[in-house]
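Every number here is computed from the coordinates shown, using simple stated rules; none is lab data. Keep in mind the model is a prediction, meaning the values are calculated, not measured. FYI the Cβ positions are ideal-geometry reconstructions off the backbone, even for glycines, and counts take in every protein chain you see.
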Amino acid sequence: MFTHLSTETRQIIASLYGLPDADVAWVFPPDSSQGDLSTSVALKIAGGLGKKPQEIARSIADAISLSPSVEHAEVAGPGYVNIRLTVARLLEAWKEAHAAIAPVSERDENPVIVDFCGPNIAKPLGAHHLGSHIIGQAIINLYRHTGAHVIGWSYPGDWGTQFGKLWVAYDRWGDKKKSLKDVTVEDLLALYVRFHEEAEKDATLDDAARAAFRKIEEGDAALRSFWADTVAVTKKDLDEIYVRLHVHIDRETGESFYENRMQPIIEEGIAKGVFQEGEGGSLIVPFAEETGMPPLLIRKGDGATLYATRDLAMIRYRIDTAHPSAMYYVVDVAQRLHFQQVFATAALLGWEMPEHEHTVFGRMRFSGAAMSTRKGTSLRMRQLLDEAVKRAGDIITERGDAIQADDPKDLAEMMGVGAVAYGILSQNRAMDIVFDWDRMLSFEGNSAPYLQYTHARARSVLRKAALAGDPVLPAVDVLEPEDRKLLLMLLRFPIVLAESRDARMPHKLTNYLYALCQSFNSFYNSVPILQATAPLRDLRLVLTASVADMLRTGASLLTIRVPDRM
């Protein structure tokens, strides 16, 4: 619809003013009383033509009103053209928009890589890790749903001296009666914490840890087995959480994978003069003064590599093996300088980079201080999810018969985990993310429970209609104002999907779903649906089914489940 109207308008402008390539964009006006669609093209081209915008707008409106898609056209304000579409064209456009609930077949093209998750092995996920997991997965879902070949790639921290420390702690204080495969991530963390406590009193422990990790690097069978077991224990714990979060990893290569892939990068950097000798025999990348960036440390004086070295090896590997069209790193704002330095280094090395971006998100802040720490330890992601589910369960119990659920426990899980995910995704990721229980679990406002309740309400209407299959769109010549308003809201769905994907901003989708919920609830409370006479009843059932389908699809893209009863 938009492409057709834009083409028609360009042809009109070319015919009237000799401008074949005018930048025409039809958009939804902020107020439906202003028409179905609006364009400001007259304001854009008036200066170059030396004419008044309103004069140009009038000539465009007169010509476009002759289109079979347009019922009425008028000039508004300083030079806007507002149009009202025919009912037939609106319903045809709805069919196009509704089709967007189905995923597009994956295109045969170079992949988009979304780097997300990146958990640390032998440590439980903290609540602050939610951002990378949930925002990353939502971005992956948006790309995949709209037909892109996308790889969700995790980069866990599974290498480094911490494994030497862990071995020393396990060897000295671990429970040898228990198989290492049977310990928990919390057990491993407790050992790691104890190592640091003891190391403050015994400086030789750090030397022992370095020696132990050196043995792991050299392939010592016993220590390698210990390292592999800690990785397995952690991944088992992660998998349980990922099932709850609806996180799916397509590829995973941890830091250890790049251990033998760093030396060629170091040699290339030295040969090209990008890596230079720093203090104590280290290797650094000195950036130009105007960049404002400090030097990037590539290798320590003792020969040890760093996170930046592995990141460069990772970039090189992904380019050489996956040939991506784009690489997006979903990592919090604390790593902004790191990515600026790494990307700048890749440019200095002369690498041909695909589109790449640090898809930054802000720090997570909690509205209640008690939520951020427990007895001096960071709040675990598992604890946060469990607390959310418990609070959702309490709400279900308190509301009694007001909430209908076939399985209250499953509904509590759906609401609680959904509230956490939606609460994060509904905020602009470029800003700090504020975590607030009351807002996230509210049945009013921009929240998962409100979306879930609205979906269940729409499904309830359809159940009461006792339809044998999906409602069929009837032949309609006239639309009531509330029908038109809801229909226009439904037309925005594929546009919002594309905008959310291209900007990698999931909150654009949550804002739309919230607006769709508001529009449907207003529709539900304003006009009869089941009691309407044909063909209006059939049309309203079609619109209701479309609302439910779009809410379910949108929620799924945001990693959220919606109930049919609530």
Is there a pair in Lys123/Lys215; Lys51/Lys508; Lys165/Lys390; Lys176/Lys300; Lys215/Lys300; Lys215/Lys235 whose C-alpha atoms are over 29 Å apart, and which pairs would that be? Lys51/Lys508; Lys165/Lys390; Lys176/Lys300
Kindly write out, for region 276-291 in residue order, the coupling ³J(HN,Hα) from the Karplus curve 6.51 cos²θ - 1.76 cosθ + 1.60 (θ = phi - 60°), rounded to whole Hz, with x marking Gly and Pro. 10, 6, x, 5, x, x, 6, 10, 9, 10, x, 8, 4, 4, 5, 6
State, as an integer percentage, the relative contact order of region 162-245 based on alpha-carbon contacts under 8 Å between residues 6 or more apart. 45 percent
Count charges around Trp437 for me, please; just the other residues with Cβ under 12 Å from its Cβ, Lys/Arg as +1, Asp/Glu as -1. -1
Zone of Asp401 (label point 7 Å along Cα→Cβ, backbone N under 20 Å): which residues in region 449-466? 457, 460-461, 464
Nearest-5 percent of antiparallel DSSP beta bridges in the chain? 45 percent
Sum of side-chain charges, Glu109 neighbourhood, beta-carbon under 14 Å (Lys, Arg +1; Asp, Glu -1): -1
Hits in region 381-423: amide N under 16 Å from the 7 Å Cα→Cβ extension of Arg439, namely 419-423
Beyond 23 Å, how much of the Cα-Cα pair distribution for region 371-557 remains, as a whole percent? 49 percent
Taking Lys and Arg as +1 and Asp and Glu as -1, residues besides Val542 with C-beta under 13 Å from its C-beta add up to -1
Those trypsin sites (Lys or Arg not before Pro) from region 1-102 that are DSSP loop and have at most 15 other Cβ neighbours within 10 Å turn out to be Lys51
Global size of region 162-245 as Cα Rg and Dmax, reported in angstrom: 13.4, 42
Taking 0.36 nm per intervening residue step and subtracting the Cα-Cα distance, what contour gain separates Ser65 from Ala221 on full extension? 48.2 nm
Dividing the convex hull volume of the alpha carbon atoms of region 72-218 by its residue count, what do you get in Å³ per residue? 249 Å³
Report which label in (1) 1.17; (2) 1.05; (3) 1.42 holds the value of Cα Rg over 2.2 N^0.38 Å derived from the coordinates of this structure. (1)
Rounded to the nearest 500, what is the chain's calculated 222 nm mean residue ellipticity when only DSSP H runs of at least 4 contribute -39500 (n - 2.57) each, over all residues? -17000 deg cm²/dmol
Relative contact order computed over the chain (Cα-Cα under 8 Å; 6+ residues apart), in percent: 14 percent
Simple SL model, points at 7 angstrom along Cα→Cβ for Asn525 and Asp206; separation in nm is 6.4 nm
Residue-by-residue Karplus 3J(HN,Hα) for region 346-359, coefficients 6.51, -1.76, 1.60, Hz, glycine and proline x: 4, 5, 5, 6, x, 6, 7, 8, x, 3, 8, 7, 7, 7
Amide H neighbours of Ser69 under 5 Å, counting only residues 5+ apart in sequence or on other chains, H built in-plane at 1.01 Å? none
Assuming 0.36 nm per residue, please report the length gained on full extension of the stretch Thr7 to Glu109 beyond their Cα-Cα distance. 33.9 nm
Enumerate the calculated ³J(HN,Hα) couplings along region 91-102 in order (Karplus 6.51 cos²θ - 1.76 cosθ + 1.60, θ = phi - 60°), each rounded to whole Hz, writing x wherever the residue is Gly or Pro. 5, 5, 5, 4, 4, 5, 5, 5, 4, 6, 5, 8
To the nearest 0.05, what FRET efficiency results for Lys95 and Ala190 with a Förster distance of 56 Å applied to their C-beta separation? 0.45
Cut-off 17 Å (backbone N to label point 7 Å along Cα→Cβ of Thr161), residues of region 297-316: 297-310
Can you list the lysines whose alpha carbon is less than 18 Å from that of Lys52, not counting same-chain residues fewer than 8 positions off? Lys44
Kirkwood hydrodynamic radius for region 2-85: how many Å is it when counted over pairs of different Cα atoms? 12.4 Å
Additional length obtainable on full extension of the chain from Arg172 to Ala534, 0.36 nm per residue less Cα span: 122.4 nm
Per 10 angstrom bin, beginning at 0 and ending with the bin that holds the maximum distance, the Cα pairs of region 283-419 fall in percents of 10, 25, 21, 19, 15, 8, 2
Below 18 Å, Cα to Cα, which aspartates and glutamates can Lys181 reach? Residues fewer than 8 away in the same chain don't count. Asp158, Asp171, Asp229, Asp237, Asp239, Glu240
Protection proxy ranking, peptides 419-428, 390-399, average beta carbon neighbours within 10 Å, highest first: 419-428, 390-399
What's the FRET efficiency of Ala228 with Arg492 using the Cβ-Cβ distance as r and R₀ = 45 Å, to the nearest 0.05? 0.35
Förster radius 22 Å - calculated FRET efficiency between Lys390 and Asp432, Cβ distance, rounded to 0.05: 0.30
